[in-house]
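All of the numbers you see were taken from the coordinates with simple rules; none came from a lab. Keep in mind the model is a prediction, meaning the values are calculated, not measured.
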Ligand SMILES: CC(C)=CCC/C(C)=C/CC/C(C)=C/COP(=O)(O)OP(=O)(O)O
């Protein structure tokens, strides 16, 4: 991401597109393969979410301050709210790393006035589709920070709380996408099907991240999303989730979480089979994260213990490229077959020409 060359509160769509490339692998790919106007709408909707996510994950901000800053952000995003984005920028200022030490996430927070100014240039229907899910996400994040204020980081208690967390973090994004896609000429039955499955798509992606990122979430953000109750069933204390002596027991909970993620695959696929390709939407944009989730679940099945170490669970670059290539041509009819193939074999190997 290049340095800022615009005035603080001027719109700068190009900067926003560059920023997404720096902060999210998923949305970097997605925004790249969407067409306009959807590409810019998703780009800006995502950045509005990302500002809140960075504040929520910031271990150096005391929880009471974090909640207050998130509430100011919420008011600034709400067109009927009591604050402006400049108020949020001022409130978060003392928590921003020095400019030279700012990573891309914090550069996005620092540039929130640019993001909001650019967002305000979108057509009104797009803004109306994006704002409510963003507000719901920010409210949910503030609630979670407040609820776990005493623990110094998030400590998810049981499956219901995990589901609720994933809803705020990603189910809301599914609703945002659906609001954008169901503007205009979409039949009632089709719109209903999309609304029934959008949250589940988000839950799938978030639960895959929860399953594979246990080590990083704990060591970098002091968050444990594996439910305390599930760890307790294995005799593991949540604060000892990555201790080497608990490796096998914690791995069984990673397994259980990945199984829970698998329960949302059918709905996510139904979403892909139903979604309209209007407003610049493309199959490719959402087929890629779906198939990458299928591949990551395959890797998790064979080595859940790696989610508990620095090694982590990732699919190879070769497979990512092969999935991106096939998703470009994948019609709705080929999704079920692709899913089955990738659930069993890394895709680049499955399509290797035979010797
Ligand atoms: C209806 C529909 C298509 C729903 C899906 C909604 C969706 C894409 C939710 C985002 C979920 C998610 C975990 C993104 C990746 O994380 P990240 O952006 O933090 O970064 P990473 O990709 O670099 O891990």
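Taking every alpha-carbon pair under 8 Å whose residues sit at least 6 apart, the range 52-177 reaches a relative contact order of 30 percent. Can you give the relative contact order of the chain as a percent, counting alpha carbon pairs under 8 Å and 6+ residues apart? Relative contact order comes out at 17 percent.
When all alpha carbon pairs of the chain are counted in 10 Å bins from zero, the resulting P(r) reads 5, 24, 33, 27, 10, 1, 0 %. For the pair the range 82-129 and the range 209-271, the centres of their Cα atoms are 32 angstrom apart. Per the Kirkwood treatment, what hydrodynamic radius in Å, one decimal, follows for the range 9-128 from the mean inverse distance over all distinct Cα pairs? That comes to 14.6 Å for the range 9-128. Going by a ≥ b ≥ c, the root eigenvalues of the Cα gyration tensor, does the range 79-232 fall in the rounded group (a/c under 1.5), the prolate group (a/b larger than b/c) or the oblate group? Oblate, since a/c reaches 1.5 and b/c is not below a/b.
Altogether, the Stokes-Einstein calculation at 4 °C and 1.567 mPa s, with the Kirkwood radius of the range 154-349 over Cα pairs as Rh, returns a diffusion coefficient of 75 µm²/s. Kirkwood Rh, Cα Rg: Rg to Rh for the range 269-316? My calculation of the ratio gives 1.17.
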